[in-house]
Structure formats: structure tokens, C-alpha cells
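This report refers to the structure that appears directly beneath it.
The values are calculated or read from the model by the stated rules, or taken from the named source; none is laboratory data. The shown structure was predicted, so the numbers you read here are calculated from the model rather than taken from an experiment. Positions of Cβ are backbone-derived with ideal geometry, glycine not excepted, and every protein chain shown enters the neighbour counts. SASA here: full protein model, heavy atoms, side chains in, ligands and nucleic acids out. Shrake-Rupley method; radii C 1.70, N 1.55, O 1.52, S 1.80 Å.
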Amino acid sequence: IGPFEIEIANAPAAAELVDPGELLRGRVNLIARTPDRRVTQMIFELARTGSSDWRALGTARAPFHLPVETAQLADGSYELRIESVTADGQSVHSHRFGPYLIDNTPPAITIAKPAPGETLRDRAELVVEVADEVSGAALVELSYNDGDKWMSLAGLEPEDGKVRGYWQVTECRPGSCRLRATAFDRAGNEASEEIMVTIAAPQPAEPAPEVEPIPTQIGRAHV
């Protein structure tokens with residue numbers, strides 16, 4: 001048996017993903033890292049959490065950054081993996097990264113109280129209903145405008161899909177006033193609803209009743 005040569009091909013090192021954060025929306029920049037200098041390109045792949053239905057998002061060369069527009073994907077939970085490829089065609093897949101929640105849908109918001117056009121006086125109850133099925137509602141900001149400037153009322157965290165509060169409308173000038181509720185979900189999407197209400201003029205204070213003076217009797221001193 002004559003001499004022969006054995007070529008040992010070492011597989012490239014698997015890539016690591018720089019954590020993009022748990023919640024993804026809009027345009028994100030996926031970044032991969034590898035200590036293997038033989039790697040010339042990386043293929044970023046995406047699959048629904050727990051599935052093996054991988055689809056390629058795109059291919060990046062050094063420095064292995066891949067911009068992704070998440071609005072082109074359906075909302076939901078996903079996992080990522082990366083295929084590292086060397087110049088001579090060797091490749092290796094990374095482990096799964098994630099899960100990551102993609103949410104590009106703003107929350108639904110409704111001002112339940114007061115009713116549009118309602119006349120308010122003294123202390124008015126505010127009730128706002130908010131729902132977000134993907135990442136969840138995080139905050140509702142309430143504000144009003146009785147002229148040309150928005151004034152903040154409060155920032156409240158929803159409980160059971162609602163926020164409640166009370167508005168001392170006496171701090172507003174009488175007449176038409178805009179009331180706005182803006183909801184934010186955990187991913188940063190926002191939505192607003194605005195209604196017009198009327199602030200009643202304060203009623204004049206009733207005059208204090210007149211008190212009859214007590215007659216003073218002046219008697220003569222007895223000697």
C-alpha cells in the first residue's frame with residue numbers, strides 16, 4: 001500500500017448573536033459574532049418558537065450586521081439561528097436564540113368615560129379601556145387641551161384592561177376642551193383617542209345670609 005494523504009477539515013466555530021432584546025418592532029439590526037476568521041458569510045434564519053420551519057432572513061458578510069424590517073413579519077414569538085459559512089464551503093449552524101416577540105401592532109384604546117360632548121363640572125370620573133394581545137398594554141397617558149397647549153393629567157398602568165382616575169375640571173377654563181388618552185404597549189407601539197367635552201362655568205357662590213344685629217340695650221346706672 002502506497003503512501004496517501006489525509007486532509008482533516010475542521011468545521012467553523014458556531015456564531016453567537018448579540019442580543020437584540022426580548023421585544024422587537026420596526027427596523028432592527030441583527031449582529032453576529034464569531035472567533036473563527038475563516039467565516040466569510042453568515043445566514044440569519046428565523047422560525048416560529050418551537051418549530052423547525054426555518055426561513056432565511058438574509059446573508060451578511062463581515063462585520064456580520066443584518067438590518068431586518070420586522071413589520072414585514074407577522075406578530076408573534078420567534079427564534080433565530082445563524083449558519084456560519086467559510087470560503088471553502090464549510091458551514092455550521094448555531095444553537096437557537098430567543099424567543100423574541102415581534103409586535104408592530106398598536107394597542108386598542110377607548111375612552112369609556114366621560115362620553116363625547118358631555119358637560120363636566122367639579123370632579124369627573126375618567127375610564128379608559130385598553131387592549132393589546134401581543135406584548136401587552138403598559139401605560140396610558142391622559143391629557144387635556146382647553147386652548148392651544150396639551151396639559152398632562154396622569155400616567156397610569158392598566159389593570160384588567162382599564163385605567164380609572166378623577167379629573168378636577170375646575171382647573172380648566174370653561175368651554176370646549178379636548179381630552180386625549182394615549183396607550184403604549186410593552187414593545188413601544190402607541191395609539192390615541194381624543195374626544196371633545198364641555199367644561200361648565202363655575203356657579204357663583206351664594207351670598208352669605210345677612211345676620212340681624214342684636215340690639216344693644218343701654219340702661220341707666222342705678223345709684
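Scanning region 153-173 for residues that are in a strand (DSSP E or B), at pLDDT 95 or above and either among the polar types (S, T, N, Q) or open to solvent by less than 40 Å² (accessible area, probe 1.4 Å) (or both) gives a single hit, V163.
Counting only strands (runs of 3 or more DSSP E) that fall entirely inside region 10-81 and contain at least 1 residues that are open to solvent by 20 Å² or more (accessible area, probe 1.4 Å), out of contact with any Phe, Trp or Tyr (no Cβ under 7 Å at 6 or more places or on another chain) and closer than 20 Å to L101 by Cβ, the qualifying elements are 27-33, 55-61, 65-69.
Here's the yes/no breakdown for (1) touching a helix residue (DSSP H, G or I) at 6+ places or on another chain (Cβ under 8 Å); (2) farther than 22 Å from V68 by Cβ:
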{"site": "G98", "(1), (2)": "no, no"}
{"site": "T110", "(1), (2)": "no, yes"}
{"site": "R123", "(1), (2)": "yes, yes"}
{"site": "A131", "(1), (2)": "no, yes"}
{"site": "A137", "(1), (2)": "no, yes"}
{"site": "V140", "(1), (2)": "no, yes"}
{"site": "S143", "(1), (2)": "no, yes"}
{"site": "L156", "(1), (2)": "no, yes"}
{"site": "G161", "(1), (2)": "no, yes"}
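With respect to S51, is the statement that it is over 30 Å from E171 (Cα atoms) and without any contact (Cβ under 8 Å) to a residue 12 or more places away in the chain true? So S51 fits the description; yes.
For the residues A221, A191, A205, the requirement of being at pLDDT 95 or above and either open to solvent by 70 Å² or more (accessible area, probe 1.4 Å) or part of a strand (DSSP E or B) (or both) singles out A191. May I ask you to list the residues in region 103-152 that are among the hydroxyl-bearing types (S, T, Y), surrounded by fewer than 16 Cβ atoms within 10 Å (Cβ to Cβ) and touching a residue at least 12 places away in the same chain (Cβ under 8 Å)? Selection gives T110, T119.
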